[in-house]
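The values are calculated or read from the model by the stated rules, or taken from the named source; none is laboratory data. Predicted model only: the values in this text are computed from it and were never measured. Positions of Cβ are generated from backbone atoms using ideal geometry, with glycine treated the same way; all protein chains shown enter the neighbour counts.
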Amino acid sequence: MTDTPKSHGRKSITASLKPRDLMEDARLADTWTAQILTLFPQSFPGVLGESLTGRALKDGLWQLETIDLRPFGIGKHRNVDDTPAGGGAGMVLRADVLGAAIESAQSLVVNPLPLLYLSPRGRRFDQAMARRFSSGPGVTLLCGRFEGVDQRVLDHYSIEEVSLGDFVLTGGEIAAQAMIDATVRLLPGVLGNADSTEEESFSNGLLEHPQFTRPAEWQGRSIPDILMSGHHGEIAKWRRAQSEALTRKRRPDLWQAHVARNSDS
């Protein structure tokens, strides 16, 4: 009835846009896993197969499984959607199709992974959420299409809805890749320098300070003297002040939350 899920990881020779069939015993135990339920499995790993995430995928620091929804479709034409109950434009992914696909995904892991649905009405994805996901065994991401999915599936499996932002995409695949990238980079060993995650935007509730590198002068603009001084304590103060100023100006919502946290402590 169903196709073998597409897997990517240490058994791959290279990270590629083209999924590879792997035997189930090739799945890496105790490795952070991203399962993707999608109508477009060929979209993965996509950009996740490049740079640091691609190298980490190849090295088995995390693994990716794509599960094609189409083989779970109904009838000769493998229909996965139907018209909205009560009328309206567009199509809705069927509950029976999604339920079968989810059950199949859960059968591939020892313990079911948290189920997430990429949806514009979900809670907005942020750095804290990425940390939460990175601290667990992995995630199963349901990529919607058309007008969305049957609500009964979300209720039956207690699926958490997550949004990339206040806008609408044609499907969940791009959002899934963004969420996986933000999460995987927090896994141990993925970044060459773990300290990189300590000073970047949102790590302490503030936006990151400006960054500079060679050449020392470009187009008449020089690197701030303090960064060339070698006084690490003063550099840290300058960076902190820059982070606070940027956050206050660009993200007053983050700034207010930061001030509230510090006043409580």
Every residue in the stretch 121-166 that is hydroxyl-bearing (S, T, Y) and within 16 Å of the chain's Cα centre (by Cα), please. S134, S135, T140, S163
Verdict on Q42 being of a type outside the set (F, W, Y) and either in a strand (DSSP E or B) or under 18 Å from Y117 (Cβ atoms) (or both): no
Taking the options F125, F146, name whichever one is under 30 Å from A56 (Cα atoms), touching a residue at least 12 places away in the same chain (Cβ under 8 Å) and of a type in the set (F, W, Y). F125
Which one is nearest to the chain's Cα centre (by Cα), of the residues in the stretch 219-231 that are part of a helix (DSSP H, G or I) and surrounded by 10 or more Cβ atoms within 10 Å (Cβ to Cβ)? L227
Considering only residues that are among the polar types (S, T, N, Q) and closer than 16 Å to E208 by Cβ, which ones fall in the stretch 227-265? Q242, S243, T247
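Residue-wise test of (1) farther than 21 Å from D126 by Cβ; (2) of a type outside the set (V, I, T); (3) more than 35 Å from the chain's Cα centre (by Cα).
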{"position": "R214", "(1), (2), (3)": "yes, yes, no"}
{"position": "E217", "(1), (2), (3)": "yes, yes, yes"}
{"position": "E244", "(1), (2), (3)": "no, yes, no"}
{"position": "R261", "(1), (2), (3)": "no, yes, no"}
Would you check which residues across the stretch 136-159 are farther than 19 Å from A175 by Cβ and in a helix (DSSP H, G or I) and list them? Q151, R152, D155, H156
(1) closer than 28 Å to A130 by Cβ; (2) modelled with pLDDT of 95 or more; (3) in contact with a helix residue (DSSP H, G or I) (Cβ under 8 Å, 6 or more places away or on another chain): which one isn't true of E208, the others all being true? (2)
Answer yes or no as to whether L116 is surrounded by 15 or more Cβ atoms within 10 Å (Cβ to Cβ) and part of a helix (DSSP H, G or I). no
Scanning for something under 23 Å from P137 (Cα atoms), surrounded by 14 or more Cβ atoms within 10 Å (Cβ to Cβ) and without any contact (Cβ under 8 Å) to a residue 60 or more places away in the chain, does the stretch 32-39 turn up at least one residue? no
Read through the list (1) surrounded by 15 or more Cβ atoms within 10 Å (Cβ to Cβ); (2) in contact with a Gly (Cβ under 9 Å, 6 or more places away or on another chain), then give the number of the only condition that E147 fails. (1)
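Table: residues versus (1) modelled with pLDDT under 95; (2) surrounded by 15 or more Cβ atoms within 10 Å (Cβ to Cβ); (3) not in a helix (DSSP H, G or I).
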{"site": "V190", "(1), (2), (3)": "no, yes, yes"}
{"site": "F202", "(1), (2), (3)": "yes, yes, yes"}
{"site": "G233", "(1), (2), (3)": "no, no, no"}
{"site": "A245", "(1), (2), (3)": "no, no, no"}
Quick check on this structure: which one of D68, D150, D82 is farther than 30 Å from L28 by Cα, of a type in the set (D, E) and touching a helix residue (DSSP H, G or I) at 6+ places or on another chain (Cβ under 8 Å)? D150
